[in-house]
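Just below is one structure, and these are the notes that go with it.
The values are calculated or read from the model by the stated rules, or taken from the named source; none is laboratory data. Here the structure is a predicted model, which is why all the values come from computation and not from measurement. Using ideal geometry, Cβ is built from the backbone for each residue, glycine included, and neighbour counts are taken over all protein chains shown.
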Amino acid sequence: MKKIITTISAMSLTLPSGAKNMDEDIAEFITQDDMKVLYASEESFKGSGFIDLTVEKTVLWSRDSDNSGDVTLGDELKYTVKVINLDGFEAANIQLFDLLDSKINLNLGTVAVTQGIVTSGNDFSDPLNVVDVEFGNIAPNWFAQAEFDVTITSLEPGVNVINNSAEVYGPSGSFFISDDPNTPSLDPTRINAYGAIPDIIYANGFEFQGSGAF
């Protein structure tokens, strides 16, 4: 898993104990204008003072509203975001922010957490595209979890990919992006949905109706 830390000031790098060269397990700088971006593997973070979190996001097709057998307009999905503290010390002030895909709307009042406070997502006046949770402190080698339901509200004809990543913020500006643990690479959480094929009226007056899927 990769962590990304951004900083304006210069940082010095030292080899961990026992390392012989700067290989893929050792952090390296990539400069972008006046900002330095530090990429590192987990081993580079252990004992370095940085927090070591893993963020997993999964999706479940929870309601087939039209009994079509496919994920289509009006169906509901359930997302689960799990923030795991891999360190042997407490992770303080952990916050989850999730900006939803434009094809879905949050079902307000469905955000449930194992700990902390839901700051956006459960009040009738909250936006329909944001989930914001303050988990607080996560104990060593433990996790905090949030679940919420969404409805598919907008699809183009044919195959649509509903695509989402959650963001997690920790102390000292640490920042993490969620990963789908069911896929081999570090990537967003995706699910395919099928938009209805538009109805077509031919010149002879006959009407062809879209099937709603494939």
- request: Working carefully through the options Asp126, Asp132, find the one that is in contact with a Ser or Thr (Cβ under 8 Å, 6 or more places away or on another chain) and free of Cβ contacts under 8 Å to residues at least 24 places away in the same chain.
  value: Asp126
- prompt: Hey, among the residues in segment 124-134 that are more than 16 Å from the chain's Cα centre (by Cα) and closer than 20 Å to Lys78 by Cβ, which one's surrounded by the most Cβ atoms within 10 Å (Cβ to Cβ)?
  reply: Asp126
field: Options Ile51, Ile94, Ile84, Ile104: the member that is surrounded by 15 or more Cβ atoms within 10 Å (Cβ to Cβ), modelled with pLDDT under 90 and among the aliphatic types (A, V, I, L, M)
entry: Ile51
message: Among the residues of segment 135-144, are any closer than 30 Å to Ile197 by Cα, under 18 Å from the mean Cα position of the chain (by Cα) and touching a residue at least 12 places away in the same chain (Cβ under 8 Å)?
response: no
message: I'm told Gly210 meets every condition in (1) modelled with pLDDT under 95; (2) part of a strand (DSSP E or B) except one. Can you identify the failing condition by its number?
response: (2)
Enumeration of residues in segment 154-180 that are part of a loop (DSSP other than H, G, I, E, B), of a type in the set (A, V, I, L, M, F, W, C) and more than 18 Å from the chain's Cα centre (by Cα): Leu155
task: Assess whether Thr183 counts as being at pLDDT 90 or above and under 18 Å from the mean Cα position of the chain (by Cα).
output: yes
query: From the list Thr153, Thr189, which one is exposed (fewer than 15 other Cβ atoms within 10 Å of the Cβ) and in the same structural domain as Glu76 (by TED's automatic domain parsing)?
result: Thr153
